[in-house]
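See below for the structure under consideration.
The values are calculated or read from the model by the stated rules, or taken from the named source; none is laboratory data. Computed from a predicted structure; not experimentally measured. Here the Cβ positions follow ideal geometry from the backbone for every residue, glycine too, while neighbour counts run over all protein chains shown.
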Amino acid sequence: MKGINIKYLLAATSFCFFVGHIKTQELLPQIYDTTSVNQQVVISGGFLQHSSYLHNSIVRPFLFGGEIGENDKNNAWETIDGYDRIGGGYHGRFEYRAGKQIFKNNENWSWMMNLSNEAHVQGQYTGDLFGLVFIGNEPFLGKEADIESTYARFDQFWTIGGGIHHKKTKSFVTLNVVLPQNFFETDVDGGRLRFSKGGESIRLITDGEVYLANQIPYFKGIGGSVNFDYNFSFGDSSKFNGIISIQGRNIGFVKLRNTTRYNFDIDEEYSGFSISDLTAESKLPSLMDTLGIESGEKSIYRLLPGFVQVGKIAAVNSEKKVQSFFGLRMYTTKLYRPLIYAGAHYRVNHEFSLGGQIAYGGYGGLRLGIYFNYNTENVVVGLGTEDILGLLLKKQYGHSGLIRIAWKL
């Protein structure tokens, strides 16, 4: 068990923490426009990855390719204090907002439809687990490694739906069908690895479970969700005033059919494993029996990785050169922490505006973002990042990019 064997075993089971399928929602302000719109098409996309301790020098090779230097591995291992959380994802979204009146007594309400493909990943692991995966087991010989409370989950899904929107306030609500493409979840309640001094044996004490969606069919189940925006003004011209927006995305659940479940409750000492034992398909059943892993199929229900955000937003029709925006966001996931943000929006002229924000929470700590907007009578283009330092520096803890394009038809 010395050196490479335990390293690759844990790398195989922990790789899901670091792959580059990552999810975001916008801190980039959707500049509020009170002008009534008959028809509008909105296309938006973005990605986000953030960690509490893991530097970009470790994450970038998984996202973009390349080698991880030994110094980077050692520095990261020394940095992780207790548990590290990592998470993020991507989204691509299309919306069509019609202009036809649907309520006889209110000309501002019309219908809309939306389509999106999204993914979200989250993981939590100990510094010892990171060391075993990236450094090897030699530093732990004659010692014990802690892998307790290890958790990871990955969701990828399509949503398609429709609803109603208010042409003037831009408030809306849609009901959506959710079609999951991929799902993985592992939860280790307790876990310790005790190594002999010579590395010839290991005692594994752990319990937990793994859920893995089958490769077939293409969609692994079905679910439902709600998306909404509710925008309203507050204050008056002589006092502090503005627009409050309450947003929700992917508030719902999904049923995953015939998911493969692996259950383990282990307190055993092992020796003699090799890489061929771990990779040979013919030896997998006996290896699972040896490790005491039971498997079966089970349909499960899970909350979607949705979010709710409440905050003050900037208005494109305001005569103010500078507007503030701020708020609070929370995801319906296990590891996400409440995120608070605040920033300033600056109107250069009637077409160009820009701004910046500071945010704290989520899957990590403090980060800075910037954005630029171009606004004409018929087209609005927004481009930005929630983590400008992360895009530039390897010693930061995340990556982010956002784009939004809206056409008034």
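Pairs meeting the criteria (first residue in the stretch 241-259 and touching a residue at least 60 places away in the same chain (Cβ under 8 Å) and farther than 16 Å from PRO305 by Cβ, second residue among the hydrophobic types (A, V, I, L, M, F, W, C) and assigned to a strand (DSSP E or B), beta carbons under 6 Å, at least 6 apart or on different chains) are ILE243/ILE313; ILE243/ALA315; ILE244/PHE232; ILE244/PHE234; SER245/ILE313; ILE246/VAL310; THR259/ILE300. Scanning the stretch 166-213 for residues that are of a type in the set (D, E, K, R) and part of a strand (DSSP E or B), which turns out surrounded by the most Cβ atoms within 10 Å (Cβ to Cβ)? Result: GLU185. Across the stretch 309-326, the qualifying residues are those that are out of contact with any Ser or Thr (no Cβ under 8 Å at 6 or more places or on another chain) and either of a type in the set (D, E, K, R) or not in a loop (DSSP other than H, G, I, E, B) (or both), and the one among them that is surrounded by the fewest Cβ atoms within 10 Å (Cβ to Cβ) is GLU319. Restricting attention to the stretch 73-91 and to residues that are part of a helix (DSSP H, G or I) and touching a residue at least 60 places away in the same chain (Cβ under 8 Å), the residue that is surrounded by the fewest Cβ atoms within 10 Å (Cβ to Cβ) turns out to be ASN74. Mind listing just one residue for me: the one in the stretch 216-245 that is outside any loop (DSSP other than H, G, I, E, B) and among the aliphatic types (A, V, I, L, M) and, of those, surrounded by the most Cβ atoms within 10 Å (Cβ to Cβ)? Filtering first and then ranking leaves ILE243. Among residues that are at pLDDT below 90, within 24 Å of the chain's Cα centre (by Cα) and surrounded by fewer than 19 Cβ atoms within 10 Å (Cβ to Cβ), ILE135 is not included.
When the test is whether a residue is outside any strand (DSSP E or B), touching a residue at least 12 places away in the same chain (Cβ under 8 Å) and either surrounded by fewer than 22 Cβ atoms within 10 Å (Cβ to Cβ) or out of contact with any Asp or Glu (no Cβ under 7 Å at 6 or more places or on another chain) (or both), GLU148 passes it.
Within the stretch 58-82, if we keep just the residues that are charged (D, E, K, R) and under 14 Å from GLY131 (Cα atoms), the residue that is nearest to the chain's Cα centre (by Cα) turns out to be ASP81.
Considering the stretch 99-113, the residues that are hydrophobic (A, V, I, L, M, F, W, C), touching a residue at least 60 places away in the same chain (Cβ under 8 Å) and surrounded by 14 or more Cβ atoms within 10 Å (Cβ to Cβ) include one that is farthest from LEU409 (Cα to Cα), namely MET113. Selection within the stretch 379-409: residues that are part of a strand (DSSP E or B) and of a type in the set (S, T, N, Q). The member of this set that is farthest from the chain's Cα centre (by Cα) is THR385.
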